[in-house]
Every structure is written in C-alpha cells, then in structure tokens.
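Enquirer: Mind having a look at this structure? Questions to follow.
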Amino acid sequence: MSTILPDRKAAFELLKKYNKTDSLIRHALSVEAVMRYMAKKAGEDEEKWGIIGLIHDLDYELYPDQHCIMTEKILRENNWPEEYIRAVMSHGWGLATDVEPLTRLEKTIYAVDELTGLVATSALVRPSKSVLDMEARSVKKKWNDRKFAAGVDRSVIEKGAEMLGVSLDELITDCISGMRTAAEEIGLKGNTI
C-alpha cells in the first residue's frame, strides 16, 4: 500500500475517533496551533506541522500505557507518511520512545507539547482566564512552583528550548502567540475585551 498525505480534516476525524475527552482534544488543538505558528515563523510547511501537532497524542486516551506505540500502529494502518510517524514518535523521546528529535519539526513538537499544558494552566488562573492578554512572565512566575501544573515536565521544555537554540522566554512567548491564534477553540479566550 502506498502512503497518503493526510489533510487536516482526515487528521481531526482520526483524532476524534480515538479521543472523546474535551481536555485532550483542546490539548491537540493547542499543539496544532503552536506548531502552525512555529512553522510559519520558521518558513516551514504549516499544514504538515499543524497536522502532526493535532495527532501527536492520538493514542493517549485509549492507550495511555502504550503512548506513542499505538499511535505509530494506527498511523501505519492508515498509511501515513514515515516522516509524520517519526515526528509524532519523537515527541515522546525519553518518556515513551527512544526516537530522538532530529529535525526542526521534531525538536519543536518535543519542546511545545508539555509547554502548551503549562501555558493553558497559567492562563486559567489569571483573572481574564485568557491567553490573549498573557505574557511569558506570567508562565515564568509559576515555573518553579512544582505543585502548579505538577504533571508538566519542565525539564523536557528546557531541553526542547536548548535543542531549538532559543531561550525559555522566547519559547514561552512563541507558545502563547500560537495558542492565541486558537484561543476560542481551545477555551482560552476568557473574558478579555
């Protein structure tokens, strides 16, 4: 069988086939938005980067103990391109896979996956409950409080920023900027005017 080049509609349908939880779908949409933003900034393929961001946690709801492994199986069964599969696998490097991020795309998804969760949680404790009026310093204020967003592995974010050759502040700013493009869709428009 030959591989197919997935489009956003097919990727979203596949995501919804395996994920029903609103929070997981919002996370996928957040990572998609940030990946599209980062691709545009880097002059890369926004559609490809966005689709990879959208489906990166495809298996997480149904197969949390086989995270990334089942996504690889599902994507292969659906004849997805090897480059997409490898990129998705690389976001779990050191946690669920041994696929080291090598390309800019892979390093980016590795860096922003955890960070979108920290940005979202930081936005939700703000009076506005929005990313639209949030700056990197709001996220940085919560950085050292390990009880805040305790599930977010900050070392992965730091390693990702280092891989990309950017400061943590720049990475956080880019993540917020990307999430702003989908603020309403991801439930982080809040009550800003």
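All of the numbers you see were taken from the coordinates with simple rules; none came from a lab. Being a predicted model, the structure only gives us computed values, none of them experimental. In this analysis, Cβ positions are derived from the backbone assuming ideal geometry, glycine residues included, and neighbour counts consider all displayed protein chains.
Enquirer: Fully extended, how many nm does the chain gain between VAL125 and SER155 (0.36 nm per residue separation, minus their Cα-Cα distance)?
Expert: 8.6 nm
Enquirer: Please identify every one of the trypsin sites (Lys or Arg not before Pro) in segment 1-108 that sits in a loop by DSSP and has no more than 14 other beta carbons within 10 Å of its own beta carbon.
Expert: Passing both the DSSP loop test and the Cβ count: LYS20.
Enquirer: Relative to the compact-globule scaling 2.2 N^0.38 Å, provide the ratio for the alpha-carbon radius of gyration of segment 109-168.
Expert: It is 1.08.
Enquirer: Shifting gears a bit: For the charge dipole of the chain, defined by +1 on Lys and Arg C-beta atoms and -1 on Asp and Glu C-beta atoms about the Cα centroid, which residue among ASN191, SER122, PRO101 has the Cα displaced farthest towards the positive pole?
Expert: ASN191
Enquirer: Please list, short to long, the whole-number percent of alpha-carbon pairs of segment 8-180 in consecutive 10 angstrom bins beginning at zero.
Expert: Answer for segment 8-180: a P(r) of 10, 42, 37, 11, 0 percent.
Enquirer: List the residue ranges in the chain for DSSP H helices whose C-alpha atoms run 27 angstrom or more along the long axis and whose Kyte-Doolittle average is 0.0 or above.
Expert: Answer set is 22-42, 104-124.
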